[in-house]
Amino acid sequence: MTTDDPALPTNPVTPDPPAAPGPGASTPAPPEAAERDDWDPLAAQRTDEDPPLDVLLSGTVFFDIVFTGMDRLPRPGEELWSKGMGSSPGGIANLATAAARLGLRTGLVAGFGDDAYADWMWHTMAHEEGIDLTASRRFTDFHSALTVSIAAEGDRAMATHGHDLPEPLSSLIARAPDARAAVVDLAGRPPGGRSSPSAAPMIFADIGFDETGRWDESDLAPLIHCHAFTPNALEAMAYTRTDSPDRAVRALAEKVPLAVVTDGASGSYAIDGSTGEEAYCPAVPVTAIDTTGAGDVFAAAMVLGTLASWPLDERLRFASLCSALAVQQFGGPSPHRDGATSPTGGAR
């Protein structure tokens with residue numbers, strides 16, 4: 001079984017929310033994310049006027065099953081046994097879990113089904129991780145999105161299944177608690193109004209791989225609303241038409257106050273125009289077991305460091321260290337805790 005740092009206590013277990021009352025209906029999630037006794041990295045800065053959350057997230061939660069310890073991927077018609085297996089809430093849950101474990105008061109807006117996978121993911125996030133799910137909902141006659149990931153040959157292969165939610169997230173986000181910061185995906189609904197978590201004063205944006213290959217710079221237009229942008233090197237170079245992460249981060253720094261470009265094992269680059277700082281940080285050399293969620297952990301650490309007003313170099317070092325720790329365990333930041341029971345039997 002995987003275990004977590006014993007210095008991070010879990011929340012008391014309370015009953016999970018009931019399923020929604022009728023076919024196709026939805027029920028608001030109860031406010032059951034209890035106050036945590038963990039270390040508060042922003043304690044010295046808090047005031048009575050602060051919003052209830054430090055960071056608000058929205059997106060799709062996947063039930064992730066991760067196979068590790070395989071020398072290669074199976075060929076068509078072939079079955080291979082893995083040496084390790086983990087199960088965890090994935091997708092946007094990776095980022096939410098990382099933020100909560102770093103001590104940020106974290107809220108998540110997502111849709112959940114009414115199956116056993118959803119029961120377990122809701123319990124794990126709300127009760128064990130202390131993530132506020134008050135704006136999330138559970139839908140009847142709806143099953144969880146699921147991803148199976150195989151780590152082999154220094155990379156991953158994944159298969160995913162899922163469906164669109166019966167109700168758009170925009171209707172749920174409008175009821176979300178206020179937050180000091182929000183993390184948005186430019187590939188989804190752009191920041192603006194209460195249809196995204198953009199009522200927060202500080203918006204951190206990311207963007208995914210452009211499968212069309214166009215890498216249209218107009219996709220970055222919503223950055224005008226954002227404080228930070230944290231793409232990986234491939235995405236950053238493609239959108240800026242540059243040939244190195246260093247040139248890409250300089251181009252992006254003209255669009256947002258804080259530009260950060262991650263380049264995997266080659267390190268990370270950042271420019272903070274609001275402070276005049278520039279920094280490069282090499283990656284921490286580790287043996288990676290599973291790279292799932294490494295970018296999410298990095299982003300959560302950058303949000304914390306920025307809210308805490310740390311120097312840019314310290315933010316990059318901290319984010320790199322957190323990512324290095326995450327890739328040395330199953331499922332990135334959110335393997336289930338020792339003693340918890342997952343629908344697949346947990347991590348081994």
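Taking the number of Cβ atoms within 10 Å of each Cβ as an exposure proxy, the fewest-first ranking of 121, 70 is 70, 121.
When both bridge partners sit in segment 226-322, DSSP labels roughly 75% of those beta bridges antiparallel. Relative to one another, the C-alpha centroids of segment 204-270 and segment 102-164 are positioned 27 Å apart.
Here's how it looks for residue 180: its modeled amide H is under 5 Å from those of 53, 54, 55, which are all 5 or more places away or on a different chain. For residue 151, neighbours were defined as the other residues whose beta-carbon sits under 13 Å from its Cβ, and their charges (Lys and Arg +1, Asp and Glu -1) total -2.
The Cβ shell under 10 Å around residue 269 holds other residues with a net charge of -1, Lys and Arg each +1, Asp and Glu each -1.
No lab work stands behind these numbers, since they all come straight from the coordinates. Treat the numbers as computed from the prediction; the structure is a model and nothing was measured. Cβ coordinates were reconstructed from backbone atoms using ideal geometry, including for glycine residues, and neighbour counts include every protein chain displayed.
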